[in-house]
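First the structure, in the form of structure tokens, and then the observations on it.
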Amino acid sequence: MDLLPGEDACAWLRAQQLERPAAEFKTVLAERLPKRFAQRLCEHWLANKPLRQYREAELRDIAVQLADWPLIASGTEGYRTAEVTLGGVDTDEISSTTIQSKRVPGLYFIGEVLDVTGWLGGYNFQWAWASAAACARALESGH
Ligand SMILES: Cc1cc2nc3c(=O)[nH]c(=O)nc-3n(C[C@H](O)[C@H](O)[C@H](O)COP(=O)(O)OP(=O)(O)OC[C@H]3O[C@@H](n4cnc5c(N)ncnc54)[C@H](O)[C@@H]3O)c2cc1C
């Protein structure tokens, strides 16, 4: 995650160092990030001291970290709050135009039961409705 999107973090840090050498890094960072988040970053990962005490290499290192902060999910909330499931009927096994099973004529699969997984944001509904519409059209036309 880029914690300072659209900003050259190194140039920003250098400018802050010149303008406010006595200011502590966590104070300056808290002006760009939520205060408690900035404090935690400085407590655990980024050294906190007055800006004048940072060497150029340290500023560069901090800038690299701010621009590319690794985020590792600690887990999921499990099935209880799942909004979409992976897996299902293999799409290679169905006709992409009629949604009919290639193996069992007259058998149709639509929506979530197929192995199609969209991003959150409407794509799963879209797939459910679009596949249902294709199926309905095929049934209507007697395929
Ligand atoms: C909390 C939540 C939030 C979501 N938010 C979004 C979102 O914002 N945008 C988005 O695109 N997608 C969202 N989704 C995913 C989306 O809802 C599903 O992908 C979509 O509803 C799948 O449609 P479907 O008709 O294939 O299956 P379903 O909507 O699951 O319909 C299957 C139906 O079959 C019924 N059924 C099951 N077994 C039987 C049986 N034996 N006999 C008779 N009926 C049976 C079920 O009761 C159910 O009504 C969300 C899902 C969840 C759980």
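The values are calculated or read from the model by the stated rules, or taken from the named source; none is laboratory data. Small disclaimer: the values here were computed from a predicted structure and weren't measured. Every residue, glycine among them, receives a Cβ derived from its backbone with ideal geometry; neighbour counts consider all protein chains shown. Heavy atoms of the whole protein, side chains included, go into the accessibility calculation; ligands, DNA and RNA do not. Shrake-Rupley method; radii C 1.70, N 1.55, O 1.52, S 1.80 Å.
Among the residues of the range 91-101, those that are open to solvent by 70 Å² or more (accessible area, probe 1.4 Å) and either without any contact (Cβ under 8 Å) to a residue 40 or more places away in the chain or of a type in the set (A, V, I, L, M) (or both) comprise Asp92, Ser96.
Give all pairs with beta carbons closer than 8 Å in which a residue from the range 128-143 that is open to solvent by 40 Å² or more (accessible area, probe 1.4 Å) and more than 13 Å from the ligand (Cβ to nearest atom) meets a residue that is modelled with pLDDT under 95 and of a type in the set (D, E, K, R); count only pairs at least 6 apart in sequence or on separate chains. Every condition considered, no pair remains. Got a number for residues in the range 18-35 being open to solvent by 30 Å² or more (accessible area, probe 1.4 Å) and either more than 22 Å from Asp68 (Cβ to Cβ) or touching a Lys or Arg at 6+ places or on another chain (Cβ under 7 Å) (or both)? Residues flagged as open to solvent by 30 Å² or more (accessible area, probe 1.4 Å) and either more than 22 Å from Asp68 (Cβ to Cβ) or touching a Lys or Arg at 6+ places or on another chain (Cβ under 7 Å) (or both) within the range 18-35 amount to 8. The residue that is farthest from the ligand (Cβ to nearest atom), counting only those in the range 75-97 that are within 19 Å of Ala133 (Cα to Cα) and modelled with pLDDT under 95, is Thr97. Out of Val104, Val84, Val116, one residue alone is aliphatic (A, V, I, L, M), free of Cβ contacts under 8 Å to residues at least 12 places away in the same chain and not in a strand (DSSP E or B). It is Val104. Residues in the range 1-17 that are open to solvent by less than 50 Å² (accessible area, probe 1.4 Å) and either closer than 24 Å to Ile72 by Cβ or of a type in the set (D, E, K, R) (or both): Leu3, Leu4, Ala9. Kindly indicate the residue of the range 57-74 that is among the aliphatic types (A, V, I, L, M) and more than 26 Å from the chain's Cα centre (by Cα) and also nearest to the ligand (Cβ to nearest atom) among those meeting that condition. My answer is Leu59. On the stretch given as the range 52-70, residues that are touching a helix residue (DSSP H, G or I) at 6+ places or on another chain (Cβ under 8 Å), basic (Lys, Arg) and either closer than 15 Å to Cys42 by Cβ or exposed (fewer than 12 other Cβ atoms within 10 Å of the Cβ) (or both) total 1. Within the range 98-124, being more than 15 Å from the ligand (Cβ to nearest atom) and among the aliphatic types (A, V, I, L, M) holds for Val104, Leu107. Just one of Gly118, Gly111, Gly87, Gly106 is out of contact with any helix residue (DSSP H, G or I) (no Cβ under 9 Å at 6 or more places or on another chain) and open to solvent by less than 50 Å² (accessible area, probe 1.4 Å); which is it? Only one candidate passes the filter, namely Gly87.
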